[in-house]
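Take a look at the structure set out below.
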Amino acid sequence: MINAEAREKLAILAEPGDSRGEPKPNLWHIEATRDANVVLDLLCEVGKKVGSTPEPVQLVQHVAQMTKHVLRASASSVFLFDDEERDLLREFTEGQAGEASKQVRLNTESSIAGWVARHGQPLIVNDVTGDQRFNKSVDEITGFVTKSLICVPLILHHKTIGVIEVINKIDGDNFSERDLEAMVSVASTTAISIENVRLNQNVLDSYKSTIKVLAATIEAKDPYTCGHSQRVMEYALLAGTLLPLPAEDLEVLEYAGILHDIGKIGITDSILTKPGPLTPEEWNVMRQHSLIGANILNEIPFLEKARKLILHHHERYDGNGYPDELKGEDIPIGARLLAVADTFDTMTTNRSYRAALSEDCAINELYKHSSTQFCPVAVEAFTLALKSTASETGGAKGNGHHFPNFG
Ligand SMILES: [Fe+2]
């Protein structure tokens with residue numbers, strides 16, 4: 001926990017001069033040793049917090065914001081090596097020129113950040129005009145004027161993975177050795193956090209692969225449904241991205257899409273693969289699959305949100321669906337998108353008892369049942385997304401769609 005003293009100190013450091021225009025006494029200089037410890041403690045505490053951040057983007061945002069704020073600087077950037085480990089790519093800049101510096105790529109042979117990355121050593125440069133390593137081209141792109149900077153390497157297992165660069169003290173002061181100590185501390189915590197985030201991502205990727213294998217195993221029972229779950233996931237994600245849903249909800253939709261019919265594992269093969277329409281009694285059995293699927297996933301907290309979408313993917317917008325007869329907006333938006341995607345894929349693929357409809361016919365059907373069976377927003381989003389994908393791929397039809405890679 002951040003103690004009360006540290007919190008108070010941060011608040012004071014963040015305040016501008018008083019109402020008479022006189023600057024507040026600089027606590028950093030008055031109580032140098034004590035303050036340095038407080039700042040270091042503070043940075044470590046915040047570092048621990050970013051250690052629990054799930055997304056790499058959020059993590060580097062936190063680090064850039066925190067370092068800019070605590071060192072009272074004009075800007076702070078985090079750079080990471082590209083996949084070839086050749087150039088440094090700007091991941092995030094907090095402060096002036098943040099937007100303009102979005103595309104910055106630094107050659108390690110011709111920049112101060114590159115020098116820091118190559119040598120694995122932190123550096124303070126309080127007058128960049130006198131340093132031959134300084135690369136003016138970045139300032140020319142961003143319109144930002146760099147006067148002084150502090151740059152520290154992000155080192156993991158003896159290997160540099162990127163750098164943090166903090167530019168220009170707001171009050172025009174030089175960066176100090178104490179600033180450097182604080183930055184080195186932050187860089188150490190940040191590098192470990194980045195590794196944790198990447199490892200978590202690997203675990204998630206592996207989990208997704210397992211889920212896809214599981215879904216494919218179920219579909220293997222019936223050759224007519226082969227690939228259905230994958231396509232439903234892709235269709236639902238297309239529509240969800242167009243709305244747009246937040247990234248977190250899209251991830252939930254991805255899991256729910258691939259697993260939406262997992263409950264069919266509990267339905268007897270004679271009904272599941274029946275070569276013809278089902279009787280009313282058989283439909284009653286078949287309708288159990290959404291509840292069975294939700295129950296299967298009951299013990300997996302990680303899939304709790306996806307479980308809810310799976311439970312409700314056969315609800316109807318008019319309240320006549322199952323299992324809970326939810327109506328309208330009471331049905332989660334992810335489940336409404338799944339309903340449209342599921343029906344569209346079923347209509348446009350061959351079944352044992354009928355041939356596939358054309359995409360245009362299937363879209364007409366969706367609109368015909370919009371506001372009764374389907375959510376109108378979901379229908380609109382799906383058809384727009386489908387059309388824009390088709391136009392991007394030269395009007396591909398049927399199985400000719402090329403979907404973005406959702407991992
Ligand atoms: Fe289903």
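The values are calculated or read from the model by the stated rules, or taken from the named source; none is laboratory data. Remember, predicted model here, so these are calculated numbers, not experimental data. Cβ atoms come from the backbone with ideal geometry, glycine included; neighbour counts cover every protein chain shown.
Just the residues that are among the polar types (S, T, N, Q), in contact with an Asp or Glu (Cβ under 9 Å, 6 or more places away or on another chain) and assigned to a helix (DSSP H, G or I), please, taken from region 322-352. Quick ask: steps written out before the conclusion?
Step one: filter region 322-352 for residues among the polar types (S, T, N, Q), giving 343, 346, 348-350, 352.
Subsequent filtering for residues that are in contact with an Asp or Glu (Cβ under 9 Å, 6 or more places away or on another chain) retains 343, 348, 352.
Matches in region 322-352: T343 only.
Taking region 148-181, which residues are closer than 17 Å to T93 by Cα and in contact with an Asp or Glu (Cβ under 7 Å, 6 or more places away or on another chain)?
S148, L149, I150, C151 - these are the residues of region 148-181 that are closer than 17 Å to T93 by Cα and in contact with an Asp or Glu (Cβ under 7 Å, 6 or more places away or on another chain).
Does at least one position in region 312-321 carry a residue that is part of a helix (DSSP H, G or I) and either closer than 21 Å to E254 by Cα or touching an Asp or Glu at 6+ places or on another chain (Cβ under 9 Å) (or both)?
The initial filter retains those residues of region 312-321 that are part of a helix (DSSP H, G or I), namely none.
Within region 312-321, not a single residue is part of a helix (DSSP H, G or I) and either closer than 21 Å to E254 by Cα or touching an Asp or Glu at 6+ places or on another chain (Cβ under 9 Å) (or both).
Return yes when L278 is hydrophobic (A, V, I, L, M, F, W, C), surrounded by fewer than 19 Cβ atoms within 10 Å (Cβ to Cβ) and farther than 19 Å from S229 by Cα and no when it is not. Before you say what the answer is, go through the steps one by one.
Working: hydrophobic (A, V, I, L, M, F, W, C): yes; surrounded by fewer than 19 Cβ atoms within 10 Å (Cβ to Cβ): yes; farther than 19 Å from S229 by Cα: yes.
For L278, the condition - hydrophobic (A, V, I, L, M, F, W, C), surrounded by fewer than 19 Cβ atoms within 10 Å (Cβ to Cβ) and farther than 19 Å from S229 by Cα - is met.
Taking the condition of being without any contact (Cβ under 8 Å) to a residue 60 or more places away in the chain and among the hydroxyl-bearing types (S, T, Y), how many residues in region 239-287 meet it?
Qualifying residue count for the region: 4.
Filter region 241-272 for residues that are of a type in the set (A, V, I, L, M) and assigned to a loop (DSSP other than H, G, I, E, B); which is surrounded by the fewest Cβ atoms within 10 Å (Cβ to Cβ)?
Here the answer is L243.
Go through region 124-157 and report how many residues are in a strand (DSSP E or B), out of contact with any Ser or Thr (no Cβ under 8 Å at 6 or more places or on another chain) and of a type outside the set (A, V, I, L, M).
Result for region 124-157: 1.
Is there a residue being modelled with pLDDT under 95 and within 11 Å of the ligand (Cβ to nearest atom) anywhere in region 306-314?
no
Taking region 261-303 as the region of interest, how many residues are within 12 Å of the ligand (Cβ to nearest atom) and in contact with a Phe, Trp or Tyr (Cβ under 6 Å, 6 or more places away or on another chain)?
Counting residues in region 261-303 that are within 12 Å of the ligand (Cβ to nearest atom) and in contact with a Phe, Trp or Tyr (Cβ under 6 Å, 6 or more places away or on another chain) gives 1.
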